[in-house]
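Inspection log for the structure reproduced underneath, given as C-alpha cells.
None of the figures in this text is laboratory data; all of them are computed from the coordinates on show. Just so it is clear, the structure is predicted and the values come from calculations on it, not from any experiment. Cβ sites come from the backbone with ideal geometry, for glycine too, and all protein chains shown count toward neighbours.
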Amino acid sequence: MNQGAKTSGREQGRKRRSAIVRPELEGAFPEHIAIIMDGNGRWAQERGKRRIFGHRSGIDSVREATTNCARMGVKSLTLYAFSVENWKRPRPEVRYLMRLLRHFLVGERRTLMENDVRLRGIGRLDDLPEPALDELRSTEELTRNNKGMLLRLALSYGSRAELADAVRDIATDAKSGRLDPASIDEETLRSYLYDPTTPDPDLLIRTAGEMRLSNFLLWQVSYSELYVSDACWPEFREEELMRAIRAYASRVRKFGALLEKGGARTEAMGPGPRDDFTLG
Ligand code: FPP
C-alpha cells in the first residue's frame, strides 16, 4: 500500500505521466473493461488464512489492474468492489471491507495521480459509512481533472437497484411534467442510470471461475464480451489480464447485426422484409 495518507496535498497532486503502451494484438483493444473481482475468501481459506487476508491481498490486484490498464490506454475500468447484497455478510467482514475501502482511497491517491487516473464511485453511495464516503468524495475531487483512464468503483452497487432507482426518478419526472411518458425510449432510461456518459463495457471479466453476472451492470453488458478466469482475484495479475485482453481481441462482435468482411457492421436498415436476408 502506498503511503498517500502521509503525503501532503501538493505531493499527492504531482503527476508523473508514463507513456501509453498499447499491446500488439491480432484484433480490437477493449476501451472499457469491467471486472467482477471474485474469490478473495476462497484464495485465503485455501492458504489456511482468514477471508479478510484475501480481501487485503485483493488490493494489490486492484492496484496492478489499474496501473496496467491505465498504461495500456484502456479508457475506463469498472471494478465491482462491494455489492448491495454484500451488506448481508457478517458484520466484522463488512466493517473490514469498509475500512479497507477507506485505506485504499487514501493510500492509492499518489498512484492514481501518477497514472493520470480519474476515480468515480457508482452505486447507492449514500449507504456507505460517512468516513468511507468522505474519502471517496475527496479522491474523486483530487483526481477530477486527470485526463487518463476513468476508474469506476461499484460500491453498494446492484444492477436491479440501479434500474429501480432510474425508474423511480423517471416516474417522478413524468408525474411532475418534466418528462413526456410517450417520449421514453432506451436512451431515456440510460440517461437515468448512475453514470450515463461512460460507454458500455467492451469486455467483462469474472475471476474465480464462476459463470454468473451477480447483478452487475445488467443493462450495460448487454453486448459485452464475457471472459471467465479460473484465477482467484488476489492472483489475477498482469499475465491473466493480458490473456483476457487477447481473448477479447480474437472475438468477432456483431451486436445482433450482420458482419461484413473486415469486421465492419452492415448499414442499419430498420425492421421490414428483405429478400436478400441471411442469418448473421
Ligand atoms: C469477492 O470475494 C470480492 C468482494 C466481496 C469484494 C472485492 C473486494 C476487494 C477486491 C478488496 C477491496 C477493494 C477495494 C477497491 C477497496 P469473495 O469474498 O466473495 O470470495 P469468495 O467467493 O471466495 O468467498
List the number of the failed condition for Leu97; all other conditions in (1) away from the ligand (no atom under 11 Å from the Cβ); (2) closer than 21 Å to Asn215 by Cβ; (3) of a type outside the set (Asp, Glu) hold. (1)
When residues of segment 115-140 are filtered for being assigned to a loop (DSSP other than H, G, I, E, B) and polar (S, T, N, Q), how many remain? 1
Condition first: away from the ligand (no atom under 12 Å from the Cβ) and touching a residue at least 60 places away in the same chain (Cβ under 8 Å). Now tell me which residues in segment 100-122 satisfy that. Arg109, Arg110, Thr111, Met113, Glu114, Asn115, Asp116, Arg120, Ile122
Selection count, segment 22-50, where residues are among the small types (Gly, Ala, Ser) and in a loop (DSSP other than H, G, I, E, B): 4
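Do you know which residues across segment 112-135 are within 22 Å of Asn68 (Cα to Cα) and under 18 Å from the mean Cα position of the chain (by Cα)?
Restricting attention to segment 112-135, the residues satisfying the condition of being within 22 Å of Asn68 (Cα to Cα) are 112-122.
Across segment 112-135, the qualifying residues are Leu112, Asn115, Asp116, Val117, Arg118, Leu119, Arg120, Gly121, Ile122.
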Failed criterion for Arg212 (all others in (1) of a type outside the set (Asp, Glu); (2) within 25 Å of Ala244 (Cβ to Cβ); (3) outside any loop (DSSP other than H, G, I, E, B) hold): (3)
Over segment 215-235, the set of residues more than 16 Å from the ligand (Cβ to nearest atom) and either part of a loop (DSSP other than H, G, I, E, B) or loosely packed, with under 14 Cβ neighbours inside 10 Å (or both) is Leu218, Trp219, Gln220, Val221, Ser222, Tyr223, Ser224
Within segment 75-114, which residues are in contact with a Leu (Cβ under 9 Å, 6 or more places away or on another chain) and assigned to a loop (DSSP other than H, G, I, E, B)? Lys75, Arg89, Glu108
Can you spot a residue in segment 70-82 that is more than 8 Å from the ligand (Cβ to nearest atom), touching a strand residue (DSSP E or B) at 6+ places or on another chain (Cβ under 7 Å) and among the hydroxyl-bearing types (Ser, Thr, Tyr)? yes
Which numbered condition Glu140 fails, given (1) within 16 Å of the ligand (Cβ to nearest atom); (2) acidic (Asp, Glu); (3) crowded, with 17+ Cβ neighbours inside 10 Å: (3)
